[in-house]
Amino acid sequence: MPPNPENTTLFAAATSDTAPVVEVMERLAEAQIIELSVNGDIDRHYDTPQAAIIPKGKQILSLKDLVDEYRPEPERIKATAALLDLDSLIAYTRRFAQPSTAIFADTLAASPSLLVMIDYHHHTPDADRSGELPSRCTHKAGYNFPVTAQWKAWVKATELSLDPRTMFDQESFAHFLEDRARDIENPPLDWMHVDADTVAEVTAALNLHDDKAPRDEEGNYLDTDLPAIQTDADEEDDRYLPRSALYKLRDLRFGSANLLMKLAQGISLTVGQKFEQKFNTKTGARTLNFEDASEARVQNRKVTVPDYFFIYVPIFENDRPHLLPVRLFYRASGGKVLWGVELVEPAQMIRRAATKAAELVAQQTGKPLFLGRPGTNA
């Protein structure tokens, strides 16, 4: 059937009007090849890289991954190194350190850790940048403090001792002390000959501190000017006398390694109580005294069970040993003696040891130390 002249005319007109649109649509539907400029970073042996623009979805996509494929080396380091000891962490930090490198120590966590931010945000006095040059923070070095087998053994013994049902009987106590004999340290003969850091650690763990009393310029306590109290010869003088932390430390009873081994071999315990009542005819005062008359004997010789003893062990692997106080106690139950040992303030000991280690890393690397964790974007 021959075409209608009117329809033919209309079709031709429509084709003529839509031709530019059709041409544009065809051009947009085709994939386009473009050359990528990488500012001269491409090796001369390679041709200029090309990329194809696909019209599907008409999305805007980043070309960074395409450009990075042709770089002779990565644009920046993206890595978190996990170091196994402090010496390696120090060496790694020295090798890659930048002016902006910073150290973060999380010492309050149950498992403390160190994190060195190699490319941390850089501080600058430039007022136009608000004093900071932000960084990607993609290069890090971490260290998780691994505790030693010695520390784990004493922590476990503490947990057992704090439950009356799992305290050590005489046999298990003997075996435990025999296994840990190398950890036990004799108390110092004179605390004045012990280094200041060790004294500070021990007194802090035992919560011993100097009395807040007035002192002279040389640090000696001044007279308190308390009135004299008249007492009978058999009564204690309860006047306040200021004491230093070191004096209080000397006043505690610490057991030697030899005494502990004797206690482990066997103890004869006599449990008793003593009650005494006094009456002062001059003043009419009545006094009641209650005394624990329990007596401990080893090989038929009376002994005083010490309040504490020391162990000398490292808390963390590859760390220096620490002089750590341990509380010793016993109970009479069912005709037998039960023993208990308790690390004094273990959480505080871990925190102090981790802080000391972090300070050592900062000192050896010359980088600032911050107690805490970096921001979430780092």
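Between SER62, SER100, the distinction of being at pLDDT below 95, under 22 Å from LEU371 (Cα atoms), polar (S, T, N, Q) and in a loop (DSSP other than H, G, I, E, B) belongs to SER100 only. Of the residues making up region 357-375, those that are surrounded by 18 or more Cβ atoms within 10 Å (Cβ to Cβ) and in a helix (DSSP H, G or I) are ALA357, ALA358, VAL361, ALA362, THR365. Checking every residue in region 225-235 against the condition of being closer than 28 Å to ASP307 by Cβ, out of contact with any strand residue (DSSP E or B) (no Cβ under 7 Å at 6 or more places or on another chain), polar (S, T, N, Q) and at pLDDT 75 or above gives zero matches. Filtering region 146-159 to residues that are free of Cβ contacts under 8 Å to residues at least 60 places away in the same chain and either assigned to a loop (DSSP other than H, G, I, E, B) or buried (at least 16 other Cβ atoms within 10 Å of the Cβ) (or both) leaves only ALA153. Filtering HIS139, HIS122 for residues that are at pLDDT below 90, over 15 Å from ILE311 (Cα atoms) and surrounded by 15 or more Cβ atoms within 10 Å (Cβ to Cβ) leaves a single hit, HIS122. For region 327-347, the criterion of being free of Cβ contacts under 8 Å to residues at least 60 places away in the same chain and assigned to a loop (DSSP other than H, G, I, E, B) is met by at least one residue. Note on region 196-213: residues that are out of contact with any strand residue (DSSP E or B) (no Cβ under 7 Å at 6 or more places or on another chain) and closer than 15 Å to MET349 by Cα amount to 7.
State yes or no: is THR107 closer than 23 Å to ILE350 by Cα, modelled with pLDDT of 80 or more and in contact with a strand residue (DSSP E or B) (Cβ under 8 Å, 6 or more places away or on another chain)? In short, yes. Among the residues of region 165-176, is there at least one that is of a type outside the set (Lys, Arg), crowded, with 17+ Cβ neighbours inside 10 Å and within 28 Å of LEU86 (Cα to Cα)? Taking every residue of region 165-176 in turn, none turns out to be of a type outside the set (Lys, Arg), crowded, with 17+ Cβ neighbours inside 10 Å and within 28 Å of LEU86 (Cα to Cα). Answer with yes or no whether PHE173 is assigned to a strand (DSSP E or B) and among the aromatic types (Phe, Trp, Tyr). Here the answer is no, as PHE173 does not meet what is asked. Across region 255-271, a minimum of one residue is classified as at pLDDT 85 or above, assigned by TED's automatic domain parsing to the domain that holds VAL337 and in a loop (DSSP other than H, G, I, E, B).
The values are calculated or read from the model by the stated rules, or taken from the named source; none is laboratory data. The model shown is predicted, which means the values in this text are computed figures rather than measured ones. Backbone-built Cβ (ideal geometry, glycine too); neighbour counts: all protein chains shown.
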